1. Given label points at 7 Å from Cα along Cα→Cβ, what nm distances, shortest first, separate residue A:79 from the same residue in every other copy?
2. Quick one: net charge around residue A:186, please, counting Lys, Arg +1 and Asp, Glu -1 for every other residue with C-beta under 10 Å from its C-beta.
3. Grab the residue from chain A whose Cβ hugs the A-to-B rotation axis most tightly, plus its distance in whole angstrom.
4. Need one value for B:189-201: mean number of C-beta atoms belonging to other chains within 10 Å of its residues' C-beta atoms.
5. What do you get for trypsin sites (Lys or Arg not before Pro) in segment B:181-218 restricted to DSSP loop and a cutoff of at most 15 other Cβ within 10 Å of the site's Cβ?
6. Place a point 7 Å from Cα of residue A:109 in the direction of its Cβ. Which residues in segment A:66-97 have their backbone N less than 19 Å from it?
7. Given the pairs B:174/B:310; A:75/A:130; B:273/B:310, which are separated by over 19 angstrom at their Cα positions?
8. Which residues does a label at residue B:51 reach in segment B:89-103, if reach means a backbone N under 16 Å from a point 7 Å past the Cα toward the Cβ?
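Since every read-out is calculated from the coordinates, none of them should be taken as a lab result. Everything numeric here is computed off the predicted structure, so don't read it as measured data. When we count neighbours, we look across all protein chains shown, and the Cβ atoms used for this are built from the backbone with ideal geometry, even at glycine.
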There are 2 protein chains.
Amino acid sequence: MHRAMPSRGAAKESVASRFRRELLQRCSGWRTERYCAKWSDDSYGDTMNISERKRKILKAVVDDYIERGQPVSSKDICSTYLPDVSPATVRNELSALESMGFLSQPHVSSGRIPTQRAFRLYVDDLMELKPLSDTDIQIIDSYFDHKLTSVEEITRSVAQVISELTNYTSVVVKENGADMKIEKIKVLELLGDNALVVIVTSGEVLKDNIITLPKGIDEDGIETANKWLNKMFVGKYMSEFTDVSEPMEQITAEFSGFRDLYAQIVDVIRKIKQHGDKDVYTTGRSKILDYPEYTDVDRAKDFLTKLDRKEDLADMLTDTNDLEFTVKIGQEDDNLPVGCSLVSAKISINDTTLANAGVIGPVRMDYTKVIGVLEHIGTILDNIKADALLIEGDTPKKLKKKKGH
Amino acid sequence: MHRAMPSRGAAKESVASRFRRELLQRCSGWRTERYCAKWSDDSYGDTMNISERKRKILKAVVDDYIERGQPVSSKDICSTYLPDVSPATVRNELSALESMGFLSQPHVSSGRIPTQRAFRLYVDDLMELKPLSDTDIQIIDSYFDHKLTSVEEITRSVAQVISELTNYTSVVVKENGADMKIEKIKVLELLGDNALVVIVTSGEVLKDNIITLPKGIDEDGIETANKWLNKMFVGKYMSEFTDVSEPMEQITAEFSGFRDLYAQIVDVIRKIKQHGDKDVYTTGRSKILDYPEYTDVDRAKDFLTKLDRKEDLADMLTDTNDLEFTVKIGQEDDNLPVGCSLVSAKISINDTTLANAGVIGPVRMDYTKVIGVLEHIGTILDNIKADALLIEGDTPKKLKKKKGH
DNA sequence: GTTAGCAGTCGCACCTCTTGAGTGCTAATT
DNA sequence: AATTAGCACTCAAGAGGTGCGACTGCTAAC
């Protein structure tokens, strides 16, 4: 699952080819069930046997619909995509595609619009991935150019740049709940009997937890406690601390005063792990209103309220098994707003997944562009200088930057 | 500016009376200029000389318009608010009020809608503040019932409860940039040569800043540094550290190795202060779509994009001089979305202002309710047990809670 | 298998007409 | 002098009708 960083020319290839490879995995694994559920109603085999011309026409319909958002007529297809055949021929094919469940007509004398199933096939098979424009690459690069001091900062930047480039709403889920190795732990006395617990892990600094100190402990006591806590926690994984009671005898023997402290910290760890402690960032919520299918207030409302349910968003984005890209179209996920799709990708640095980033937009969103953007961001971050991130890295290798000319 | 916590019965009085008192201040101070700018065009004196009946009718129009959102007819007023006079009489009065600039007609055969000026008078003078319902009080109380561990948590809760109760969008600005007294400072070694700076002030724990340690410093060195940093910073106010160069000779004499460290921390403090480091939380953005005046997509879009400009929101909310309540109506503030008003209040605990909380809703929002909610939240927080907050308090007094029966 | 031609469907923009909820004005009433 | 009934007037909004045009499906010829 490690992303290579080839030269840009080769990278173009890699986008397409990796994506294809993942699609193969997808179709042989659990994902088939998830994604192809609807297809089993009628013949999935058909999909494989569609004539080349039908595929071409279907692709044309989807491309056109993505661009213009309006029913596509047989004439449209002929004039722009297939000038060699007559509209009548195309009409026959369209009619066949409709009975196969790929197209539908809002009313009898209108053009065709692609069904959810058509979009599925399009994303899996038909669409062509194009390289990002130089301007886009420059914009992305400029976001990750300087020293990045925290995963949170990266997360925010990712959300912002995605939304800026794609013109859709972006969602990034920072998952603090991964089972991380504890590198350092420190209790810091605050005012009163409160204290701040700072836990440094292999991927992140967790510093938002507050506990109550044992009565009557003084500065020296805290120092001793810190030494002892380091001995207890450092080098272990967070998952090892599920049960409070276990090492209690040992503690009683050593420093009976720290029982409560220990319990509290285990509790903090458990809370971080269990509750997941996922932070969800969304940017560009209002962008959906740019698209005509959301001029309807009820739809807009549905969109915005669904975006407010952070847990659902987190679920959708993290429910990706171990694919790097995931595309959910329309009703394939109940938590998606009506008429929306989600494209999401993993964001990892040094093989550690830091977050999942995604785009939520209308079903007819520009998948090519969106995947291109996500791919480039993924590649950049995977190659970022690790020590800029409080994460232990092997070779401090400077991020490769490409100027426009 | 300290809020008293009287018994609930008396509290009702206090809401109204304090608000009136502040309005008096408002009208004698700078605020007159700000708020009454529009009035000086035509005769402001008129406002004072409106007959009692005109005031009654104007109030009726605004009340009705707030409730139904539609032009108010003379008949409406008679049937609901002034049954003793005939519609014709009311029509005469309405006509007079219109020529005074308080009312307007969408078209000649429709009822009247209040102008911005009418809302101003309404808020300043006409509306009656009613006590919150018991259910509402209970809901608010339940939000601040348990131990609150950070200002951030409070801020989020405030945003949420406001939006829940009022059904408008809430905005809370947490201002970390206030000139706070430094109570404690600590540098915490992370991985690599990075370190976390934790600054405990009288109101908040600032723990999101990362610096680079001097080369070759070891654990003992950090401990010495921490002792020395405490000596340098503790007890002073953040504003005292504006210039890096000043105490440099002194440092060179004492511990020349800490020059860089000192500079970095001063820089952190300066950044916190200058850049303001205001955190802005918004909740219930989509609620505006519940109101018919925002079924128009362009308006909705305007609303949502204005809400994305965090700095502007922060400016609007903090630009309140030292009033506890501020109401900005329609175009009185350029940064407000079209057709919106803002009601904001200070949130303080123990005379320290922690945040400004506000509601952004349509101009015809239910000011009475909104002010009631903000007032109650303010009172509750002002009386919260301070040490639950990492803030030094005098008497640990338990939050008074009132059951429904 | 492809295509030209034609009949048929239906959304949409445009028009007119009617209705009714308002007003302002005037003259009578208190 | 203030109030009110009555009436003429205005205008938004909805209902119904019409024509246009953008499509399709079908059929018969190529």
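1. Label point to label point, same position, other copies: 5.5 nm.
2. Numbers: positive: A:184, A:207, B:186; negative: B:189.
In short, +2.
3. Output: A:207, 3.
4. Numbers: counts 3, 7, 12, 9, 1, 8, 1, 8, 0, 6, 0, 6, 1.
The shielding value for this peptide is 5.
5. Working: sites: B:181, B:184, B:186, B:207, B:215; in loops: B:215.
Sparse-neighbourhood loop trypsin sites (Lys or Arg not before Pro): B:215.
6. Correct set: A:71-76, A:88, A:91.
7. Values: B:174/B:310 12 Å; A:75/A:130 26 Å; B:273/B:310 17 Å.
Going by Cα-Cα distance, A:75/A:130 fall outside the 19 Å limit.
8. Label zone hits: B:89-100.
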